[in-house]
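**Q** Here's a structure for you.
None of the figures in this text is laboratory data; all of them are computed from the coordinates on show. All values derive from a computational prediction rather than experimental measurement. Ideal geometry is used to build each Cβ from the backbone, glycine not excepted, and the neighbour counts take in all protein chains shown.
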Amino acid sequence: MSAPRTPTKSAGSKSSESKNPRESGSQSGTPPTGSAQRRSAAGSQLGSPVVRSGAASAVSPSGARDKLSSATNKQNAASPVPAPKSATERVEVAENAHFLPPGIHTIFISSTTQQAMQLCVDEDLTQENNSKMIDKEILLNDIQTNGQGSNFYEFQQQIQSYPENEIAIIYDYDYYYSQNFLICFDSKLKKLIENPPVTLPIQESDEVEQYVPPVSKKWISLGSEVEIDNERLVLNRPLKRYKIKVPDRIATTVSPSEKFKDLDPDIERKKNFISIEQCEDKQFELKKMELDLAIQAAPTYRENSAQTIWRYPKNQWTQYEARTLTEEDKIKSMGDPALMNMITNAKDLFSEALQQNIIHDPFYLDWKELGGNLDGLGGPGDSHLKEYQSFSSIKQSRDKVVTCVQWHPTLRGIIAVSLAAGQGFDERTDNLSRTNTSPSLILIWSFVDPIQPKLYLEAPDDIQCFQFSPTDPHVIAGGCINGQVVMWDIKEYEERIKNPRGDHRDKDLFIPGFEDETFFQTPHIRYCAVSSIENGHSEPITDLQWIPDHYQVTVQGLPTENIAMNCSQIITCAFDNQVLFWETRVPRAGVKPLSKKEREINHPMGVPLTFKHLDLIWKPYLRVTMQSPETGMVDFAPRKFSMREIQGDRDVLNQEEKDLFEKKKDPSLGQFVNPLDDPNKSLSQAKAKVLQSVDTFFYIGTEDGQLVYQDWMPQKDQDSTKFSTPKAAWSTAVVDGPVVALKRSPFFKDIILVAGGWLFQIWKEKIHSGALLHAAPVKEKITDAEWSPTRPGVFYISKQNGSVDIWDIIDRTHAPSLSQSISSSAVTFLNIKVISSKQQLLAAGDSNGTLHILEVPWALRQPVNQELALVTNYLERETERRGFVKHRWDLREEEKREKERLASMKAGIAPSHIPTQEEIDIRMKNEFNEFLQFEFGVLREMGLRDENEAPVISSAAT
């Protein structure tokens, strides 16, 4: 009885009607490795009585498959092995098993089992008669006899629970479901297999279908013609016609006798060519409100592969056969008299060598053990920064950023920190109308008490920068974010800063009943003076420095000797394109001393009267406006500045003294009044001598990443006869962000470290052809930089990810020698202090308001042998390299001009001889003498000169 076939073709079946013949002589019972081509659309879909979708349907068994010859069938005792399939077909066969309906499973039956149960393929079961009913007791006996080796072992539970006595076994002719048989556990499908429905074959008709042309239908309006009419352009008036006649240019302007010639556009460009520049049409006011753009992104990832050919194969290993001596050779060798004599003579040497090996290890490396355990923590080989202490106020440091850190100039273990709100410009603008409960403070910490600050210095607004006075450490000057300069005097609290809080417990201050409860409370000190808002900066002050004590700057910008030898002048810069000079001393007229009662009335909070004469009326005495040398460019916005003279360096005072101020050699720089002749100066300033060796030029780092070389001395304008700030002498872009650090080396006054954005460079003063060291961009944004005070070639770079890079140009110049993480937030400020010859401390403030004190290891504070000479040679080599580069630039420019001159000579538009500078001077002198003669003749005709008087003629070089 034939099993039913499905007439419909599923998505997984093939459309080919041909079948690959089965291979003869294949081993019986071998599972298929591939599959023949699928059944045709008219043939069987599954090769079994199973419908893929689960619905029962049948087809005629005739024409489904090609029947093999009976001779071939007899040769194959087991299931035939189909032809090998491709990888795609194997995947398809594996997927076909998923389309079997529930209750039918694939099973592989070996040839032995086939013979035992009379299921031999092509004998008991064929392609047409492919199903047979087996009693389930036979299957259970086979499972009991063979155990796990039975082909039906995996279906033991289904066989036992099957309700009927007979189970249908279907033969899969071409392994369509990856096995040679199917087993059915569904009673309904079993009945369908036993009694398959019969479908009549489709009769093909010989009639030819005739073509019937389409018939046009009546138009049915849906409203589209109304939309077309609305969009159609309708003319409200007839079109006007104009006729324009252009006269013939050739007939009116050119005579028949004239001839045309070619013109060189490069020579007569201005005469024969007119360029019409594009301009904005003011009458056209149509604005583009919407813009459609299309963006196509290119793939950023590409995957490539390459396969190399092993052209020269070689053996990976080689095995040698040991060479052995025969017994006769061994006896002859050991009895050799020469060998016996050698052993007898070398006996003492062998004994001595063995004794040395016992006493001394010959494989001991002294170089590795050099220095012992010095590479441990704190030793000379340790180059890591170690956390020494940290300061953070629970109340005041919350949501604050460390903006500046300064060590006390004279007291050890005292450090000051300024905190500001971590807000941007927009956030700060939004909070202007709100009441700020958190005051702006400077915290002064002591290493003795890391929990609570010693002093709180109050300020009118957040402090961006501040500095102790080098000569008067109790005086502090700071710059606010609102553009004001603030002064404090903490002289009354110096004893409190010096001594720990427990020193006065045994004194009268702590007698029972007379205790001072305020002693253990941190005092808030109000500022002594603040500058005038109208006359100061209009932008946040970004940098502040005291002028060194060995010189002072006058109103005219002249550097003069400071007879008092104390720091009294301040320089500040801000984003408002200005650098301002401030004076803190009492004016010449002086201030009348106040009585005790008047002091209490004027300052009820006990604020010192040190700077009473400056409060609210303080204004700068010298302004330096940062103007761009190029016309039309935006003025510079200063962020950091650096002067050549530093505190403690008094070499300029040892040079030759001069009594009077000499004019500068370059007359274009203007003339200046001698301070001795200025009646507005005080007596101390009038006696001061002008220091010619002090350079009035200084460097400024801007918000746009530029480095500017500026002269602070005002110049006299020839037209208006007024003094004004000259334009910048030189400027260039050095970093890709705002300049955050502009530091001079403590060993070389002319070496400057510039840092900002993701770059840092080392420049030499007055060498403007390029940087001596230009490092590659770092991965994180740079926040500050600091030189080592004891090692000339070491400097520190802080970054936004909370790490500090340590650079040593003696070791390497392309990468940092060490990178160490300091904080989980951005490190915002660095300041280093030499405590003693054996200790250095690095202060690092972060964006969480915490101050980290790090101890510098021995390897970073102790200079190596001849380090100063090595760094000096390196800087000299780089300076010579920059000079060579500039020389090559000039040479290339000269070659370019020479090529242009030769090209002009060939074109006939330039003279063959270019006069030298001496010839130009002689020609100009001759022209000037001719002018003098002409002028003398005119004046003599007018009667203003005597006829016998000879004109004054300057001598010209011949």
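**Q** Provide the convex hull volume over Cα atoms per residue for the stretch 394-486, in Å³.
**A** 92
**Q** Once fully extended, how much extra length lies between LYS722 and ALA564, figured as 0.36 nm per residue of separation less the alpha-carbon to alpha-carbon distance?
**A** Additional length available on full extension: 53.7 nm.
**Q** Please compute the modelled spin-label separation between GLN692 and TRP219, points set 7 Å along Cα→Cβ, answer in nm with one decimal.
**A** For the pair TRP219/GLN692, the computed spacing is 10.5 nm.
**Q** Sort LYS288, LYS896, LYS799 so that the residue with the fewest other Cβ atoms within 10 Å of its own Cβ comes first and the one with the most comes last.
**A** LYS288, LYS896, LYS799
**Q** Calculate, in nm to one decimal, what ASN341 and ASN236 gain on full extension: separation in residues at 0.36 nm each, minus their alpha carbon distance.
**A** Extra length available between ASN341 and ASN236 comes to 24.2 nm.
**Q** Multiply the residue gap between GLN144 and GLU285 by 0.36 nm, knock off their C-alpha separation, and tell me the result in nm, one decimal place.
**A** Working it through step by step, the gained length comes to 40.9 nm.
**Q** Take each of the peptides 721-731, 880-890, 759-769, 475-485, average the number of other beta-carbon atoms within 10 Å over its residues, and list them starting from the highest.
**A** Highest mean packing first, the order is 475-485, 759-769, 721-731, 880-890.
**Q** Which entries of LYS386/LYS833; LYS640/LYS781; LYS619/LYS743; LYS727/LYS764; LYS743/LYS764 have Cα-Cα distances beyond 19 Å here?
**A** Listed pairs above 19 Å: LYS619/LYS743; LYS727/LYS764.
**Q** Can you sort TYR493, TYR699, TYR171, TYR364 from fewest to most other Cβ atoms within 10 Å of each residue's own Cβ?
**A** Neighbour counts put them in this order, fewest first: TYR364, TYR493, TYR699, TYR171.
**Q** If you don't mind, there's one more thing I want to ask. Please give the FRET efficiency for GLN521 paired with ILE646, using the beta carbon to beta carbon distance and R0 = 60 Å, rounded to the nearest 0.05.
**A** Efficiency computed from Cβ-Cβ geometry: 0.95.
**Q** Something else: Quote the FRET efficiency, to the nearest 0.05, computed for THR732 versus LEU944 with a Förster distance R0 of 51 Å and r equal to the Cβ-Cβ distance. Can you show the working numbers first?
**A** Details: r = 55 Å, r/R0 = 1.07.
Plugging the Cβ-Cβ distance into 1/(1 + (r/R0)^6) gives 0.40.
**Q** Arrange the peptides 126-135, 143-152 so that the one whose residues have, on average, the most other Cβ atoms within 10 Å appears first.
**A** Values: 126-135: 17.8, 143-152: 14.3.
Ranking, from highest mean packing down: 126-135, 143-152.
**Q** OK, next. Over every pair of different alpha-carbon atoms in the stretch 738-865, take the mean of 1/r and invert it; report that Kirkwood radius in Å.
**A** Mean inverse Cα-Cα distance, inverted, gives 14.9 Å.
**Q** Using the basic label-point model (7 angstrom from Cα toward the beta carbon), what is the VAL198 to THR813 distance in nanometres?
**A** Spacing of the two 7 Å Cα→Cβ label points: 10.3 nm.
**Q** I need two numbers for the stretch 806-951: Rg to one decimal and Dmax as a whole number, Cα atoms only, in Å.
**A** That works out to 33.8, 94 Å for Rg and Dmax.
**Q** Label THR126 and ASP292 with points 7 Å out from Cα along Cα→Cβ: what is the distance between them in nm?
**A** Once both label points are built, they end up 7.1 nm from each other.
**Q** Ranked from highest to lowest mean number of other Cβ atoms within 10 Å per residue, what is the order of the peptides 833-840, 529-536?
**A** Highest-to-lowest ranking by the protection proxy: 529-536, 833-840.
**Q** Apply 1/(1 + (r/R0)^6) to the Cβ-Cβ distance of GLU427 and VAL586, taking R0 = 30 Å, and write down the FRET efficiency to the nearest 0.05. Before the final figure, lay out the partial values.
**A** Working: r = 41 Å, r/R0 = 1.37.
E between GLU427 and VAL586, to the nearest 0.05, is 0.15.
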